[in-house]
Amino acid sequence: ALWKRQHAVLFAGFSRGTHQYYATGHNIHRENPKAVADAIRFVAASQPAK
């Protein structure tokens with residue numbers, strides 16, 4: 001789909017990120033809470049320790 005290609009172009013400009021696609025709507029926190037928790041863990045683990 002066009003929007004997937006446009007997202008790929010957008011996210012290609014970020015060196016430390018990933019674009020993950022899930023077959024959910026705007027309520028991903030309800031439809032796939034594990035994906036949300038995994039993404040939060042990924043971001044937290046990528047931060048340098050203080």
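Read the figures in this text as sums done on the coordinates, not as results from a lab. Computed from a prediction, not measured in an experiment: that's the story for all the values here. Using ideal geometry, Cβ is built from the backbone for each residue, glycine included, and neighbour counts are taken over all protein chains shown.
Put simply, of 45, 39, 49, 8 the only residue that is in contact (Cβ under 8 Å) with a residue 12 or more places away in the chain and not basic (Lys, Arg) is 39.
Pairs linking a residue in the stretch 14-29 that is in contact (Cβ under 8 Å) with a residue 12 or more places away in the chain to a residue that is surrounded by 10 or more Cβ atoms within 10 Å (Cβ to Cβ) and assigned to a loop (DSSP other than H, G, I, E, B), with Cβ atoms under 7 Å and 6 or more positions apart or on different chains, are 22/32.
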